[in-house]
Amino acid sequence: MKFRLDEDQQQLQATIGKILAADRIQPRVRAVIDGKKAWDEETWQELVEFGLTAIIVPEENDGMGLSLIELAICAEELGRSTAAVPFLGHVLATIAIVEGGSEEQKARLLPGLASGEVLGSIALTEGNDTWAPADWRMAPEGTTISGRKRNVPNGDIAQLVVVGIEGGRLGVVEMAKPGVSCETFECLDLTRPICSIDFDKAEVELLQNGPAAATRVWDAALALLSADAYGGAWKITEMARDYVQVREAFGAKLAEFQAIKHQLANVVVEVEPTRGLYWFAAYTYARMPEKASHAVSLAKAQTTEVYDICARMCTELHGGIGFTWEFDAHVWLKRAMFDTAWGGRPQRLFLRATEFVDW
Amino acid sequence: MDLSYSEENEEFRAKLQEFLKENWPLPESIGDLKQREEEFRRRATEAGYMMRSIPKEYGGSEQPLDFLKGEIIREEIKKHGAPTEVVHIGTGRVVPVLLQHGTPEQKAYWIPPTVRREFMWCQGYSEPNAGSDLASLKTRAELVGDKWIINGQKIWSSGAHKYPFMVALIRTEPEDVAPRHKGISYFLLDLRQPGVEIRPIKQISGEPEFNEVFFTNAEAPIDAVVGGRGNGWNVSRMLLRYERAAFSGINWADHLIQRCVRTAKGTMRNGKPAIEDPAVRADIARLQARAMAMRYSAYRDMSMEAVGEPSGDYMMLQKLYLTEMLLKLDDITRDLLADDLMMMNPGIDTDGLKGNAKWVDASLQSLKIRIAGGSSNIQRNIIGERVLGLPRDGVGVNARSNREASK
Ligand SMILES: Cc1cc2nc3c(=O)[nH]c(=O)nc-3n(C[C@H](O)[C@H](O)[C@H](O)COP(=O)(O)OP(=O)(O)OC[C@H]3O[C@@H](n4cnc5c(N)ncnc54)[C@H](O)[C@@H]3O)c2cc1C
């Protein structure tokens, strides 16, 4: 038994860590936050060149044939950096086809997604709080679908979207086809804007391997969001740690007050153990699929809940500055709120986890 | 990452299962239950399944450190219902210190009877005015001829009323040695002597588990000091590291969660078992998430340590994380207990209540871990300073205001 990153995984982490270094990415995130750019195309291109979009794609479909473990390691770094890139939707669309496509569908659809030539996204929920495949109501009429899907990450720039369909099936829709329209909003997390897509007799291609693949896609989303949360939580903790060592009040550095030290210790004690949790979630997904739904549900619920608490505590530690648009703390806070909500709220996921235990 | 057991480990497991089948239960001709258990442990040690970190010459089985095999042994013995290795301060704390710091004579004298549990140990660190601030301890030992003469008082020594041997931190060098902890030595003491008086203190559970221990010209031989004069602080530090590395907290947490589930099954709410209540289920799942976080953080830590990689911060957080988890567990179980909570009679089914009283005791005991072995605030200091690199207490503003106050 070895529960550590092997040399290749460490290399992967170091390389993507360099691409996503704060001094490179932070100004680009700022440009998006301030509305100067819709999303960070430059970083996305760098990540595509690095191979991010090929990681989870099988080798026979022009991918690297790696697992969700490697993808989650990258998700941690993305969460840390808050890069405004369409990672989530794209990799989930890819995973949907990897898990659900026939050989022919995979051969046709995956190479474009792997190379980043085609940008994908994922459209699952309809009403509020409908993340489980069993909640989906959109029914195909022949080879078309109609209705509205919500919470589609970067749906406005995607060329292909995988749609959750009644009975836990999955279908692929090309966004350029007639009967597809996308509504964008001013949303909370500007680094991962979500939109709603209306289908009006839009042509859909069902993926062959239905319900089992839908659960896998949901589970993958939960593992990846856990990783994002772990990375983001540590980064904002470090920001607060650095700030309290410079900011002075009452004639001392804030860090010299024990109340401040303990507040940060209480954050770290919650955050650091969630690494083991997200690793295990990604590991079960890749190697012990029978345990995955349980582990990823617990991991996503716990890790994102901790991220949210952590982001609030660290924002508080910045005082008035922390409450400004100008200062970056809210970027992490809003990602924490996104991570908590997307894929299912914690309480629901804790309950989902109990479907897989003997009590 | 690979959580599967290697072929070698699976073979190890198969051999162990065979051993267990052959050796437990043992025939009654061997003696009463206690004797049979001891005989089983003797055989298990001989076969390399117990006392693994202790050299053969001192009565151990001298196996290379392997946390995974340790887990396999624990799992299989539990599954088989055979007697487990007895965990006590002697093998858990005193022997590791001796193995690292003791002279050959000290090892030969103390380790074998400790392994056989003929020597049982308590710990004498805290004093009335030295708890969290342990380095301000005042109990003194003076070398007179070839004997140490000890005067002073220890407090909160768990088990001192039952266990005749004590590891103690005692000041052997002058008070003005700076820093203060430089003057402290690590002693192995025999408490069965006229200079030692032990007064049990009743705990909040009603049990007299810890004690005051008074030393009045108590004696110890010159070689009662382990690791050298004035080196006791370092020696005991290593001991704390050893404690922190223990796996037992995680298994304990898993065990308590299982018990919590059983209690929730046996508790009726609105005409249904409480375990069917979604709020209860989600609450227990929250505990499971924490137990999982602990287990896989520890696996990571140990896997990295095994290949010599710095594993980071988890070991320093572990105690506080477990403490906080037990707090949450206590909230859940007390809610399940409802008004049965007001009864406390562990092990006795008073007034028609069955079993639940043990949770009341657990509720009180969950406070113990918050105080003993480095209180939660002291853990927060350690995390703040060593994990985050924040300033130590007593620098900057705290020191300044002290200075101002003393002007
Ligand atoms: C059940 C039990 C069993 C024990 N068994 C043993 C034993 O076998 N052997 C032994 O030697 N000792 C034992 N102890 C003693 C234990 O180690 C001490 O109680 C502990 O170290 C705290 O010391 P104290 O009681 O003097 O409290 P204090 O040090 O006075 O602390 C009181 C409170 O102040 C807080 N505090 C102290 N310093 C700081 C600081 N710098 N910053 C912020 N907060 C602070 C503490 O967290 C605590 O909440 C046992 C204790 C208990 C409860």
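The values are calculated or read from the model by the stated rules, or taken from the named source; none is laboratory data. Computed from a predicted structure; not experimentally measured. Note: ideal-geometry Cβ built from the backbone for every residue, glycine included; neighbour counts use all protein chains shown. We work out accessible area using only protein heavy atoms, side chains counted, and drop any ligands, DNA or RNA first. Shrake-Rupley method; radii C 1.70, N 1.55, O 1.52, S 1.80 Å.
The table below lists the values:
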item: Cβ neighbours within 10 Å from other chains - mean over B:385-392; result: 6
item: Helical mean residue ellipticity (222 nm; -39500 (n - 2.57) per DSSP H run of 4+; nearest 500) of the protein assembly as shown; result: -16000 deg cm²/dmol
item: Whole-percent carbon and sulfur share, accessible surface of the range A:120-211, 1.4 Å; result: 49 percent
item: Accessible area per residue in Å² at 1.4 Å probe, computed on chain A; result: 36 Å²
item: Inter-chain shielding of A:259-265 (mean C-beta neighbours from other protein chains, 10 Å cut-off); result: 6
item: A versus B: buried accessible surface, summed, Å² (probe 1.4 Å, to nearest 100); result: 4900 Å²
item: Percent of alpha-carbon pairs separated by more than 41 Å within the protein assembly as shown; result: 42 percent
item: Whole-Hz ³J(HN,Hα) from phi, Karplus 6.51 cos²θ - 1.76 cosθ + 1.60, for the range B:70-79, glycine and proline x; result: x, 5, 4, 4, 4, 4, 5, 5, 5, 4
item: Fraction of accessible area attributable to carbon and sulfur, chain B (%, probe 1.4 Å); result: 52 percent
item: Candidates A:F280, A:F327, A:F199: whichever shows maximal mean-square fluctuation once chain A is modelled as a Gaussian network with Cα springs under 10 Å; result: A:F327
item: Cβ-derived FRET efficiency at R0 22 Å, B:M343 paired with B:K265, nearest 0.05; result: 0.60
item: Residues in the range A:1-44 that, when all protein chains are in place, have 20 Å² or more less accessible area than the chain alone would give (probe 1.4 Å); result: A:M1, A:K2, A:F3, A:R4
item: Number of partner chain Cβ atoms within 10 Å, mean per residue of A:352-358; result: 4
item: Per-residue ³J(HN,Hα) for the range B:141-147, Karplus 6.51 cos²θ - 1.76 cosθ + 1.60, θ = phi - 60°, Hz, x for Gly and Pro; result: 10, 10, 7, 10, x, 10, 10
